[in-house]
1. Got at least one residue in the stretch B:248-255 being over 25 Å from residue B:569 (Cβ atoms), in a loop (DSSP other than H, G, I, E, B) and β-branched (Val, Ile, Thr)?
2. Looking at B:277, B:239, can you tell me which residue is in a helix (DSSP H, G or I), in contact with a Pro (Cβ under 6 Å, 6 or more places away or on another chain) and not polar (S, T, N, Q)?
3. Can you find, within the stretch B:103-116, the residue that is surrounded by the most Cβ atoms within 10 Å (Cβ to Cβ) among those that are closer than 21 Å to residue B:231 by Cβ and more than 10 Å from every other protein chain (Cβ to nearest Cβ)?
4. For the structure I just gave you, tell me whether residue A:164 is among the aliphatic types (A, V, I, L, M) and either within 12 Å of chain B (Cβ to nearest Cβ) or closer than 26 Å to residue A:71 by Cα (or both).
5. Name the helices (runs of 4 or more DSSP H) wholly inside the stretch B:75-180 in which the number of residues that are under 30 Å from residue B:238 (Cα atoms) and out of contact with any strand residue (DSSP E or B) (no Cβ under 8 Å at 6 or more places or on another chain) is 2 or more.
6. Would you mind telling me which numbered condition in (1) in a loop (DSSP other than H, G, I, E, B); (2) under 26 Å from the mean Cα position of the chain (by Cα); (3) of a type in the set (Lys, Arg) residue B:312 fails?
7. Is there a residue being at the interface with chain B (Cβ under 10 Å from one of its Cβ atoms), within 29 Å of the chain's Cα centre (by Cα), farther than 30 Å from residue B:379 by Cα and buried (at least 18 other Cβ atoms within 10 Å of the Cβ) anywhere in the stretch A:178-199?
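The values are calculated or read from the model by the stated rules, or taken from the named source; none is laboratory data. Source: prediction; values computed, not measured. Cβ sites come from the backbone with ideal geometry, for glycine too, and all protein chains shown count toward neighbours.
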Amino acid sequence: MDEFELLRYVTIGQYLPTDSLIHRLDPRVKIVGLGALALAIVAQTSAAGSILGLLSALALVALARVDLRVALRGLAPSAPILALLALLQLGLGWGARSSDCVAWWSWGIFNVTSCSVEAVIALLARLVALVLLTSLLTFTSTLSAIARGIEWLLRPFQRVGVPADELAMVFTIALRFVPTLALETEKLLKAQAARGANIRGGTNPIARTRQLVPVLVPLFINTLRRSEELATAMEARGYVGGANRTHYVRLRSQRADAIALIIVMAWVVVLVAIQVMQG
Amino acid sequence: MHDRLDRFHDRDGSAKARALPRLSPISVERRFVFEATLDALIRIENLHHTYAGAPPVDALRGIDLTIRAGEYVAIVGANGSGKSTLARHLNALLLPTRGDVWIGRTNTRDAKSWREIRAIVQMVFQQPDAQLVATMVEEEVAFGPENFGVPENELPARVRAALETVGMWAQRQRAPHLLSAGQKQRVAIAGALALQPRVLVLDEATAMLDPAGRAAVHQILRALHQRGVTIITITHEMDEAAQAERIVVMHAGHIALQGTPRQIFARGNELRALALDVPPIAQVAQQLGLPVCLTEQEFIAALRARAPQPPRAAPTRERNGTGDTIIRVEQLSHRYLRGLPLESRALENVDFDVTRGEAMGLVGATGSGKSTLMQHLNGLLRPQTGYVRVDSYNLAEATTDVRAVRRIVGLVFQQPEDQLFAQFVGDDIAFAPRQFGLDRDAVRERVRWAMEMVGLNFDAFKDRMTTTLSGGERRRVALAGVLAMRPQILVADEPTAGLDPQARAQTREIFRRLRADGTTLVLASHRMDDVAALCQRVTVLNDGRVCARGTTREIFARADVLRASGLDAPPIARLADALRAHGWQIPANILFADELIAALGGA
């Protein structure tokens, strides 16, 4: 029914002003804290460690007062592929194959063992946790706050030629245009559908790709033109790169930020320790 | 950018010119350099501009123009006459191929002064979406001052003052892409004002706005002008130009005419020859033999001075549909992003019907639900609650064949010229008939018919590349691309937005031909005069609900309802109203110039 409503699937860069404790934290703390947590979760190989990671992500989502269904929506488009991966992992049991495994069910090359079940649970838990953590950053911080945070964190690397301010600007504009492009694509899909295009129809991949031409060509042209217009508008307002710019959004660290960072880092250490002890 | 640097080398040649100048925050003191020559803030001498390319395009061919500090100037001209190119020379976004542009005492060729020039001459562009950088309104407004290194403790005051000037302070925390087009343009103006410019250039900044959005921008411009800001506005709207102190008329890269609005609009025939027009009030005055009038008050005063004359019978024009209801919408509601935090209501219990063969106008402010309703008419959106029937198809039923519906309902989106994709005109127009599986000859016949309907010669245009067409031609190709389905119903969203007066008149002509051919029309427009000229019934939407429906004459006589919906009656109806209020015996429901002239006993 909402076949054309692309914005429905665009959760990246969406700010949800629920004004929680996490919203009020310094963006630098959020970037560093969530980044470290994400790394620690990726490092987990056991089901126990992964589930612990997922639980910590869920706790943060609850703390941010974000509706869990909204937070998980970013997973919806890739759900079929995830399900397929999980099935393969479950049946073919790549990786963990040892004498400790108990075979539960077997059919041809498919072998479901206690190890593969554990591995699938661990995989899914880690993936969901990662999606939640990345969404959490944009749900609780405005894009410009994130950009300012990235810029500040990159500043030490400016000496070796990393253009921190420009990168932050690129980041902001890229995400600023995600909803715009989604709306533009939606409009083109609708316009061509109104002229009889059957964009979903057919199973032949070549025919399906050809059906996309009427959408992709104008999308590409319009995007190029739009970026040119944007560049002109930015130039007209005196933008010439990062040098000597001042900033409306000011970064301010408070005691709560230090406390939050210490707690998250302590938890990261715990997660890493769990992994090391099991490995 | 390279282009510019090269020219800079040519003139200067010194080693220090190799890189872009270092930037420094601009102090208030330095700005006064520009005020030294108050009577000629902007001086343009023999300006030529040629765009490189094969073949090169001479956009400007010798412009001489002086603009004084505090002036309010309107630049008008057909599409492609060079208006925007001229505007981009005022803040050194473009540099002259030949000739000079001086801002105060500074030549725009002096690369070191570009930043100072841009702090003084600020610009607002046509497309609201393409000029907003930030993800929050207040940060958007701060962008300019940030670039100029305005101290951080000064930024909040700048942002607040600018947003208060345009009445958007309350929306400071919102995301620009969630605002209406009119609000976006007000934010863009605030972004320019935050730099405290002496000159504000608007490049067709109101072209995409609804009447209320446009009126809000006009009011802001008048206030800024009173404060001493120099206003330069590029526009296709003659009533907008009439507000300026001086009008500059451009044609093919030259200045064809310039003078006060009174002087310019006295030369209606010359303007029409330049693909322009005079505002409706001036036109009526002229046909009654009155002096040039720009406002209703002037018109009334001029009419008082004239000897009274007996009214004549007004010309009659009645056009009706032919009976059965071809579209019926009942109790239709629609919500976007249903079930999400950003869910928004677009339609609420809408009833709407269209008779076969009639032209139905759909009017309402931006965001009132017009587009949403239109997309229900060919099944792009399916009813969430309520009922939609088109011809014999019930769209509320999930099993209905939507492609069959799309075949009888052609839908033309706003700015359809942005949707062309094929290399050649003929192929683009043939897309729809081919999708519906017509054979080669039938496709060719459809394409020929559609091109003739929109006034493009089949043999001359079918093999043209779509990229070489003008904006007006591109829009006609896009329209033909929908007509090639030979739809029984044509639904069009803002078909005349952004067109110059001549292209607009041609578009109206296309719709008249379609009606004569028996096509049912549903037209959404912010232009009440277009609706009055084309439609015999009108439905008014306000905030997702139908707030009035009736014949065009009934609806446009209800000024209160229109105003409450962010709209206004067409200019002639407003003038007739004003005359009635001043005691003239004029029949109600007057919509057109010839009717008003007859009622006043004119020629």
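1. Keep residues of the stretch B:248-255 that are over 25 Å from residue B:569 (Cβ atoms), which gives B:248-255.
From what's left, in a loop (DSSP other than H, G, I, E, B): B:252-253.
Now drop any that are not β-branched (Val, Ile, Thr), which leaves none.
Scanning the stretch B:248-255, I find no residue that is over 25 Å from residue B:569 (Cβ atoms), in a loop (DSSP other than H, G, I, E, B) and β-branched (Val, Ile, Thr), so the answer is no.
2. Numbers: B:277 fails: in a helix (DSSP H, G or I).
Only one candidate qualifies: B:239.
3. Going residue by residue through the stretch B:103-116, those that are closer than 21 Å to residue B:231 by Cβ are B:103-104, B:106, B:108, B:116.
Adding the requirement that they be more than 10 Å from every other protein chain (Cβ to nearest Cβ) leaves B:103-104, B:106, B:108.
Values: B:103: 27, B:104: 23, B:106: 18, B:108: 23.
Within the stretch B:103-116, the match that is surrounded by the most Cβ atoms within 10 Å (Cβ to Cβ) is B:103.
4. On the way: among the aliphatic types (A, V, I, L, M): yes; either within 12 Å of chain B (Cβ to nearest Cβ) or closer than 26 Å to residue A:71 by Cα (or both): no.
Against the criterion (among the aliphatic types (A, V, I, L, M) and either within 12 Å of chain B (Cβ to nearest Cβ) or closer than 26 Å to residue A:71 by Cα (or both)), residue A:164 does not qualify.
5. Values: elements: B:83-89, B:114-120, B:137-147, B:155-165.
Once the helices (runs of 4 or more DSSP H) in the stretch B:75-180 are filtered for at least 2 residues that are under 30 Å from residue B:238 (Cα atoms) and out of contact with any strand residue (DSSP E or B) (no Cβ under 8 Å at 6 or more places or on another chain), what remains is B:114-120, B:155-165.
6. The failed condition is (2).
7. Checking the stretch A:178-199: not a single residue is at the interface with chain B (Cβ under 10 Å from one of its Cβ atoms), within 29 Å of the chain's Cα centre (by Cα), farther than 30 Å from residue B:379 by Cα and buried (at least 18 other Cβ atoms within 10 Å of the Cβ).
Table: residues versus (1) under 28 Å from residue A:158 (Cα atoms); (2) within 14 Å of chain B (Cβ to nearest Cβ).
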{"residue": "A:205", "(1), (2)": "no, no"}
{"residue": "A:216", "(1), (2)": "no, yes"}
{"residue": "A:229", "(1), (2)": "no, yes"}
{"residue": "A:241", "(1), (2)": "yes, yes"}
{"residue": "A:245", "(1), (2)": "yes, yes"}
{"residue": "A:254", "(1), (2)": "yes, no"}
{"residue": "A:260", "(1), (2)": "yes, no"}
{"residue": "A:271", "(1), (2)": "no, no"}
